[in-house]
Amino acid sequence: MAVSEDAIQGSGAEPRASLIELLKRMQETHGCLSQEVLTKVAAETGLPLSKIYGVATFYTLLTTRPKGRYRIFFCKNAPCHVRGARRVLEAIVEYLGVQPGETTPDGLFTLELTSCLGLCAVAPAMMVGDDVYGNLTPQKAMAILEDYRTRERNEHAWS
Ligand code: FES
């Protein structure tokens, strides 16, 4: 993907927002923002690698390391916490067998803690990829993740 400083600066758009958008597109194309990808962005935009790396590592939705097929963003903020998020998270950790920040051995899920998802009205909440889920209980969260596993198994069965 060819990139240019013009693409980042946009036509009057806020430069940082344009850089984030560009990095999101690069991540979609390459799977993650590896050192190689960031170096390419720096070379083609003329922006300092340190600035690009800083943005790539600051935002939860951007990642410099390969992730699972589905990224689980689990809200760790107070409104979710007071409505039982800790018990839900414990259940997810036990179900997946990984700690926050880790990826399941089958490469299907990466569990990540995140700040408020804007879903406080239905706390506790999480996102799996782009899908949002609220009013979670341990049982509901595990059923949701089991659905993804079942879907995955069925896709492989037919391919
Ligand atoms: S605090 Fe959890 S979604 Fe807002």
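Out of (1) buried (at least 18 other Cβ atoms within 10 Å of the Cβ); (2) touching a Leu at 6+ places or on another chain (Cβ under 9 Å), what's the single condition that is false for Leu136?
Leu136 satisfies all of (1) buried (at least 18 other Cβ atoms within 10 Å of the Cβ); (2) touching a Leu at 6+ places or on another chain (Cβ under 9 Å) except (2).
Being away from the ligand (no atom under 16 Å from the Cβ), without any contact (Cβ under 8 Å) to a residue 40 or more places away in the chain and not acidic (Asp, Glu) narrows it down to one residue among Gly101, Gly68; which is it? Before the answer, list the steps.
Numbers: Gly68 fails: without any contact (Cβ under 8 Å) to a residue 40 or more places away in the chain.
That would be Gly101, the only listed residue that is away from the ligand (no atom under 16 Å from the Cβ), without any contact (Cβ under 8 Å) to a residue 40 or more places away in the chain and not acidic (Asp, Glu).
Surrounded by fewer than 19 Cβ atoms within 10 Å (Cβ to Cβ), assigned to a loop (DSSP other than H, G, I, E, B) and at pLDDT 95 or above: is that true of Gly107 in this structure? Lay out the reasoning, then the answer.
On the way: surrounded by fewer than 19 Cβ atoms within 10 Å (Cβ to Cβ): yes; assigned to a loop (DSSP other than H, G, I, E, B): yes; at pLDDT 95 or above: no.
When the stated conditions are applied, Gly107 does not pass them.
Tell me yes or no: at least one residue of the stretch 78-93 is part of a loop (DSSP other than H, G, I, E, B) and open to solvent by less than 60 Å² (accessible area, probe 1.4 Å). Working first, answer last.
Residues of the stretch 78-93 part of a loop (DSSP other than H, G, I, E, B): 83-84.
Those left that are additionally open to solvent by less than 60 Å² (accessible area, probe 1.4 Å): 84.
Yes: one or more hits.
Tally time: how many residues in the stretch 54-77 are open to solvent by 10 Å² or more (accessible area, probe 1.4 Å) and part of a helix (DSSP H, G or I)?
Going through the stretch 54-77 one residue at a time, the tally reaches 3.
Given the residues Ala121, Ala85, Ala125, Ala91, which is the only one that is more than 14 Å from the ligand (Cβ to nearest atom) and hydrophobic (A, V, I, L, M, F, W, C)?
On the way: Ala121 fails: more than 14 Å from the ligand (Cβ to nearest atom); Ala85 fails: more than 14 Å from the ligand (Cβ to nearest atom); Ala125 fails: more than 14 Å from the ligand (Cβ to nearest atom).
Among Ala121, Ala85, Ala125, Ala91, only Ala91 is more than 14 Å from the ligand (Cβ to nearest atom) and hydrophobic (A, V, I, L, M, F, W, C).
The values are calculated or read from the model by the stated rules, or taken from the named source; none is laboratory data. The model shown is predicted, which means the values in this text are computed figures rather than measured ones. Positions of Cβ are backbone-derived with ideal geometry, glycine not excepted, and every protein chain shown enters the neighbour counts. Just the protein is used for accessible areas: all its heavy atoms, side chains included, with ligands, DNA and RNA removed. Shrake-Rupley method; radii C 1.70, N 1.55, O 1.52, S 1.80 Å.
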